[in-house]
1. So how many residues does the stretch 146-163 have that are under 17 Å from T107 (Cα atoms), of a type outside the set (F, W, Y) and either open to solvent by 20 Å² or more (accessible area, probe 1.4 Å) or outside any helix (DSSP H, G or I) (or both)?
2. Hey, T72 hits all of (1) modelled with pLDDT under 95; (2) open to solvent by less than 10 Å² (accessible area, probe 1.4 Å); (3) not aliphatic (A, V, I, L, M) but one; which does it fall short on?
3. Report, ordered by the first and then the second residue, all pairs with beta carbons closer than 8 Å, sequence separation of six or more or different chains, a first member in the stretch 196-216 that is under 21 Å from K175 (Cβ atoms) and in a helix (DSSP H, G or I), and a second member that is open to solvent by 40 Å² or more (accessible area, probe 1.4 Å) and modelled with pLDDT of 95 or more.
4. Among the numbered conditions (1) more than 17 Å from I102 (Cα to Cα); (2) open to solvent by 60 Å² or more (accessible area, probe 1.4 Å); (3) not small (G, A, S), tell me where I141 comes up short.
5. Would you call T19 over 24 Å from L146 (Cβ atoms) and out of contact with any Lys or Arg (no Cβ under 6 Å at 6 or more places or on another chain)?
6. Give the residue, chosen from R131, R166, that is open to solvent by 50 Å² or more (accessible area, probe 1.4 Å) and either more than 19 Å from Y215 (Cα to Cα) or touching a Leu at 6+ places or on another chain (Cβ under 9 Å) (or both).
7. Mind counting the residues in the stretch 35-63 that are under 24 Å from I113 (Cβ atoms) and open to solvent by 30 Å² or more (accessible area, probe 1.4 Å)?
Amino acid sequence: MKWKTLRPSWWIYPILAGTIWLATLLALLLYWIIQTNRTHYPSMDITQRIAYISDVGAATLKPLFITGCVLTTILLDISFLSDRWLRHKGRLVPNTTRGEKILSGLTILFAVIGTTGLILLSVFDTARHPREHNVFLLLFIAGYVLSAVFICWEYQKLGQHYRSHRILRTSFWIKLTFVIIEILLAIAFVSCTFTKHYNAGAVLEWIIAFIFSAYVFSFAVDLYPAVKTKGHNTPTKKRPGEIGGLGGGALSENESENRFGSATEMEEGIRGVNGRMARGNEEVARPAVAEASNF
């Protein structure tokens, strides 16, 4: 059996990224609650009863925390790059304007910034490098929120051009919901942290992190339509607004031939129809000529 038949499709990258991130969060949370019986870490404030993710990740499970952050962000960035490449190749509905391509590039740029922030905050833990850790935490949140803003903008423009693709509208509303909720929670989180309401801040941080996993999973919705166009790398030729493949995929040349037949077959069909019409006209004309002769 060839490797191509076993190769997973593009939607597997956000599924893996979301699963790894969710598993990392659950491991940290359950370890702190069950294994340590809600221990008070040295990095926690004296009045603090609920541990931040970074408090747990700075202790025994630091290697797990770093590994989870690295794998999650790399796989998520691959998902962003896959989306751009598939649209360029016509496997997903392509960008139709330079503005959409710029928005796609900004989405990837700020995702890389968010990636850098998350990886560095896991390395520079809050117990040993509190100031650097807080800077990288803000970089992580700001990077991915801005990335989500730009991808929402891109999908909104794509949805205007490809109104028949409902999946674009679905993905747009999912990501817009994420942006609104995360911005509100991030403001509350920063406010609680800097006003020393650490328990409320810790709860908000866990909530923000779990919602982020749902955002990561949402990219499987964007990439799944590429399954319908597997093996077709020809950019779409249709005008914006025309009905393409199922979901968000483009209509390939093979799909067009399957629906309407090839150009050669259509020409042969037209010739056959013209021939039958000509023979019919001859058959109608013969009795008329014979009748005129007899007269």
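The values are calculated or read from the model by the stated rules, or taken from the named source; none is laboratory data. From a predicted model like this one, the values you see are computed outputs, not experimental measurements. Positions of Cβ are generated from backbone atoms using ideal geometry, with glycine treated the same way; all protein chains shown enter the neighbour counts. The accessibility values were calculated without ligands, DNA or RNA, using every heavy atom of the protein model including side chains. Shrake-Rupley method; radii C 1.70, N 1.55, O 1.52, S 1.80 Å.
1. Of the residues in the stretch 146-163, 4 are under 17 Å from T107 (Cα atoms), of a type outside the set (F, W, Y) and either open to solvent by 20 Å² or more (accessible area, probe 1.4 Å) or outside any helix (DSSP H, G or I) (or both).
2. Of (1) modelled with pLDDT under 95; (2) open to solvent by less than 10 Å² (accessible area, probe 1.4 Å); (3) not aliphatic (A, V, I, L, M), only one is false for T72: (1).
3. Close Cβ pairs (under 8 Å, with a partner that is open to solvent by 40 Å² or more (accessible area, probe 1.4 Å) and modelled with pLDDT of 95 or more) amount to F210/L22; S213/L22.
4. (2)
5. When the stated conditions are applied, T19 passes them.
6. Step by step, each of R131, R166 is checked, and only R131 is open to solvent by 50 Å² or more (accessible area, probe 1.4 Å) and either more than 19 Å from Y215 (Cα to Cα) or touching a Leu at 6+ places or on another chain (Cβ under 9 Å) (or both).
7. Filtering the stretch 35-63 for residues under 24 Å from I113 (Cβ atoms) gives 52-54, 57-58, 62.
Still in the list and also open to solvent by 30 Å² or more (accessible area, probe 1.4 Å): 62.
Residues in the stretch 35-63 being under 24 Å from I113 (Cβ atoms) and open to solvent by 30 Å² or more (accessible area, probe 1.4 Å): 1 in total.
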